[in-house]
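Data block below; observations after.
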């Protein structure tokens, strides 16, 4: 089945839209193939501000209605506790909110941007999607991450080469309670590094500091800007470490199909 065929059978749908490459392409495909699609963005402390900005920008570009839903994800005890099943509880809470909003608007079909490259076996969040009967057209139609990027570029979407971005909760070590303060420190640090020219990187929180992970191609930049990085992060971290193991491509780290 192709995406065109899928949307012939789904003329109206709600789409969980994160602003990431996968859900951005799916939003384009739905609109392109004539689906009456409405995008819904869940705004929580787990998402950085730039994701919402990107979601709004693309929805405007495609002339698709976008509803932003505010959710207190830290009020979900299992999500805030940050155990090994955090992603499941987080996804279940988020998509329950999405379903409530979509149904109020008369929708009976909710989609997400999980693609065919995503490994369901390693993604506890996918169990929540199955339980809540959320459809994943990219996965069902065999559209891989590489194809998402290629087709997005052909469609003129600015998200075509956007790095995969796992939620901010992944910056906090499993088992460490998640707080707004911890998430804020991680987000501020990553904003600083992005402004310095870093791309596809992470700032992992340590008990008393932070560990920066960069790709092999940007390792030299980390050494070049070492003092600037330390100075910029000093207010939030007592020490700043650099992981000398190169950061691999991030496609498998996070679900940007929200």
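What follows draws every value from the coordinates through simple rules; no lab data is involved. All of these numbers come straight from a predicted model, not from anything done at the bench. All Cβ positions, even for glycine, are placed from backbone atoms using ideal geometry, and neighbour counts span all protein chains on display.
Could you give the angle, 0 to 90 degrees to the nearest 10, between helix 86-104's Cα long axis and the longest principal axis of the Cα atoms of the chain?
Around 40 degrees separate the two axes.
Using a cut-off of under 14 Å, list every residue of region 127-155 whose amide N is near the label point 7 Å from the Cα of residue 2 along the Cα-to-beta-carbon line.
The answer is 141-143, whose backbone nitrogens lie closer than 14 Å to the label point.
Expressed as a rounded percentage, what relative contact order does region 168-242 have, with Cα pairs under 8 Å and six or more residues apart?
Values: 79 pairs, mean separation 21.4, N = 75.
The value is 29 percent.
Can you put 126, 196 in order, fewest other beta carbons within 10 Å first?
Working: 126 23, 196 15.
Fewest-to-most ranking of 126, 196: 196, 126.
Given Cα pairs under 8 Å that are at least 6 residues apart, what percent is the relative contact order of the chain?
Details: 456 pairs, mean separation 55.8, N = 258.
Across the chain, relative contact order equals 22 percent.
7 Å from Cα along Cα→Cβ at both residue 144 and residue 9: what's the point-to-point distance in nm?
Modelled inter-label distance: 2.4 nm.
Be a star and scan region 188-228 for residues whose amide nitrogen sits under 11 Å from the point 7 Å along the Cα-to-Cβ vector of residue 243.
Only 201-205, 211-215 pass the distance filter.
Build a GNM of the chain with springs between Cα atoms under 10 Å: which of 21, 30, 155 gets the top mean-square fluctuation?
Looking only at 21, 30, 155, the biggest GNM fluctuation is shown by 155.
Residue 105 to residue 68: FRET efficiency via 1/(1 + (r/R0)^6), r the Cβ-Cβ distance, R0 22 Å, to the nearest 0.05?
Working: r = 14 Å, r/R0 = 0.62.
Step by step, r from the Cβ atoms, then E = 0.95.
In a GNM of the chain with a 10 Å cut-off on Cα contacts, which of 41, 88, 33 has the highest mean-square fluctuation?
Among 41, 88, 33, the largest mean-square fluctuation in the Gaussian network model of the chain belongs to 33.
Quote the relative contact order of region 17-125 in percent (integer), defining contacts as alpha-carbon pairs under 8 Å separated by 6+ residues. Don't skip to the end; give the middle numbers.
Details: 121 pairs, mean separation 29.8, N = 109.
That works out to 27 percent.
Would you kindly compute the Cα radius of gyration of the chain and its largest Cα-Cα separation (Dmax), both in Å?
Cα radius of gyration and Dmax of the chain are 18.4, 57 Å respectively.
For the chain, what does -39500 (n - 2.57) per DSSP helix run (n ≥ 4), summed and divided by total residues, give at 222 nm, in deg cm²/dmol to the nearest 500? Could the numbers behind the result be given before it?
Working: 11 runs with 109 residues, N = 258.
Using -39500 (n - 2.57) per qualifying helix, the result is -12500 deg cm²/dmol.
Highest GNM mean-square fluctuation, the chain, Cα pairs closer than 10 Å: which of 38, 89, 220?
220
Any idea how far the Cα center of region 139-195 sits from the one of region 42-82, in Å?
Comparing the Cα centres of region 139-195 and region 42-82, I get a distance of 12 Å.
Taking every DSSP beta bridge with both residues inside the chain, roughly what % is antiparallel (nearest 5)?
Antiparallel bridges make up about 20 percent of those DSSP assigns within the chain.
Modelling each spin label as a point 7 Å along the Cα-to-Cβ direction, I'd like the residue 220/residue 234 distance in nm, to one decimal.
Those two pseudo-labels are separated by 2.8 nm.
Applying 1/(1 + (r/R0)^6) with R0 = 35 Å to the Cβ-Cβ distance of residue 151 and residue 194, what FRET efficiency is obtained, to the nearest 0.05? List each step's numbers first, then the result.
Details: r = 26 Å, r/R0 = 0.74.
The calculated FRET efficiency here is 0.85.
Would you mind checking the tilt of helix 21-32 against the longest principal axis of the Cα atoms of the chain, expressed as 0 to 90 degrees and rounded to 10?
It works out to around 20 degrees.
Set the Förster radius R0 to 45 Å, insert the Cβ-Cβ distance between residue 32 and residue 132 as r into 1/(1 + (r/R0)^6), and round the FRET efficiency to 0.05. Before the final figure, lay out the partial values.
Numbers: r = 26 Å, r/R0 = 0.58.
Result of the calculation: an efficiency of 0.95.
What's the angle, to the nearest 10 degrees (0 to 90), between helix 49-62's Cα axis and the longest principal axis of the chain?
30 degrees
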